[in-house]
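One structure is given here, and the rest of the page talks about it.
The values are calculated or read from the model by the stated rules, or taken from the named source; none is laboratory data. Source: prediction; values computed, not measured. No Cβ is skipped: glycine too gets one built from the backbone with ideal geometry, and neighbour counts run over all protein chains shown. Just the protein is used for accessible areas: all its heavy atoms, side chains included, with ligands, DNA and RNA removed. Shrake-Rupley method; radii C 1.70, N 1.55, O 1.52, S 1.80 Å.
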Amino acid sequence: MHSAVSRSLKVFTTTLAAALLALGTPVAAGAAPQQQGQCANHLAPPPPVDTSEKPAPGKQAPAPLAVPAAPVGGPRMAECGLITPDGALNPPDGNTAASWLVQDLDTGAVVAAKDPHSRQRPASLIKTLLALVVVTQLTPQQVLVATKEDAEQECTCVGLAAGGQYTVDQLLHGLLMHSGNDVAHALATALGGPDSAVAKMNALAARIGALDTRAATPSGLDGPGMSTSAYDLSLIFHYAMKQPEFAKVVATKNFEIPPAGGKPAIPIFNDNKLLGVYPGFLGGKTGFTDDARHTYVGSAQRKGKRLAVVMLRAEQKPTKVVDQAGKLLDYGFALEDDRAEPVGQISYQAPATSAPGTDPSVLADGDTGNSGTSATAAGAKEDPFGVTGWIITLLVFLIIVGGFVVGHRRKKAAN
């Protein structure tokens with residue numbers, strides 16, 4: 001009897017463990033699944049080339065983020081090199097990005113990719129995540145007053161004046177069009193300060209399923225523990241482009257911030273050189289740091305299809321990064337014209353719509369945000385039963401088995 005109960009319990013607990021693994025329970029960084037074990041930078045970005053990621057005195061650099069047991073976005077997203085549909089031609093030569101991904105912005109289908117979960121640094125592409133927190137918590141016409149610290153940030157800067165009054169909408173244009181680090185700091189101040197803003201950015205990243213991403217600064221300047229991936233930034237951009245305020249700003253070519261704080265008006269020109277040049281271009285974001293190298297996200301529409309490309313750790317030679325991105329968009333549209341099978345799925349769980357001022361880390365569950373979801377996409381979402389449910393089930397099972405054992409012993413004693 002006892003051996004039978006032991007065997008039953010062993011089978012149950014083994015099944016429970018397998019179920020939790022299948023649900024995507026994270027594993028420790030040192031226990032990454034074998035299929036990702038040979039990929040470069042599957043745990044952390046390459047070593048920094050400067051001291052920008054040196055922890056503050058008395059602090060340690062955070063450990064790498066855990067690698068999910070199942071690759072988010074589908075099995076092929078764990079592959080290390082070029083990931084294209086069966087029978088498809090390779091993308092054009094000359095692409096220098098260490099990691100990239102092309103997605104369908106409407107369905108979330110991954111059209112093609114290269115090492116999509118390789119962990120890299122985002123540089124200013126992390127400002128897309130900051131912008132998501134801003135449009136969630138602040139209203140466009142809310143007026144903010146720039147501080148002296150805001151105005152003295154390490155530039156690129158738009159030139160905010162200490163004491164100047166600016167609307168959130170004006171600051172978003174400076175943040176996304178010209179990548180102003182002074183603007184990023186001003187918005188972070190409005191969100192409770194840089195540390196609070198970073199915490200909210202990371203909470204939102206985790207909430208929507210960007211599990212490779214950890215912001216260290218609001219602006220994208222490198223810092224201890226900074227991490228992301230082409231997949232995650234594609235997911236974040238996919239979600240961001242559903243926000244009307246974000247989509248409007250990144251599609252703006254010219255903008256002017258009115259005079260403020262004794263300074264004249266500030267003209268802003270969009271840094272994304274494909275805007276107005278590439279047919280059907282919808283907008284995007286550029287970035288650069290010495291450690292991250294060149295990073296890029298851009299999107300375009302053609303024949304009713306909307307595609308977006310993310311490139312990480314790219315170089316400006318032999319051709320400019322924006323030109324490399326344009327060729328990847330061309331390649332993606334050609335695959336779409338051929339009706340090539342997707343190689344993965346961008347899948348996120350969108351926080352429910354909330355009133356400004358609500359913390360996105362505690363929002364209720366919302367829709368997937370994808371008009372098409374695959375089995376792998378569904379598997380990447382949160383399990384509604386939850387780990388707690390499995391634990392309760394195990395306890396109930398043990399109680400039933402215990403009652404059975406006691407009853408069996410009483411029956412035997414009565415005989």
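Table for the structure above
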| quantity | calculated |
| --- | --- |
| Subset of the range 50-88 (residues that are more than 14 Å from Q345 (Cβ to Cβ), open to solvent by less than 30 Å² (accessible area, probe 1.4 Å) and under 16 Å from the mean Cα position of the chain (by Cα)) | V67, P68 |
| Members of the range 217-233 that are part of a helix (DSSP H, G or I) and within 19 Å of F288 (Cβ to Cβ) | A230, D232, L233 |
| Odd one out for L175, checked against (1) open to solvent by less than 10 Å² (accessible area, probe 1.4 Å); (2) more than 23 Å from G284 (Cβ to Cβ) | (2) |
| Helices (runs of 4 or more DSSP H) wholly inside the range 78-186 that include at least 1 residues being hydroxyl-bearing (S, T, Y) and within 22 Å of S227 (Cβ to Cβ) | 127-137 |
| Test result for T228, out of contact with any strand residue (DSSP E or B) (no Cβ under 9 Å at 6 or more places or on another chain) and among the β-branched types (V, I, T) | no |
| Filtered residues of the range 251-292 (kept if without any contact (Cβ under 8 Å) to a residue 60 or more places away in the chain, open to solvent by 50 Å² or more (accessible area, probe 1.4 Å) and on the phi > 0 side of the Ramachandran plot) | G276 |
| Extreme residue, nearest to L138 (Cα to Cα), among residues of the range 203-239 that are open to solvent by 10 Å² or more (accessible area, probe 1.4 Å) and among the aliphatic types (A, V, I, L, M) | A203 |
| Residue within the range 322-339 that is assigned to a loop (DSSP other than H, G, I, E, B) and over 20 Å from G94 (Cβ atoms) present | yes |
| Boolean, S299 is surrounded by 15 or more Cβ atoms within 10 Å (Cβ to Cβ), assigned to a helix (DSSP H, G or I) and of a type in the set (G, A, S) | no |
| Residue identified as surrounded by fewer than 24 Cβ atoms within 10 Å (Cβ to Cβ), of a type in the set (D, E, K, R) and assigned to a helix (DSSP H, G or I) among K242, K200, K248 | K248 |
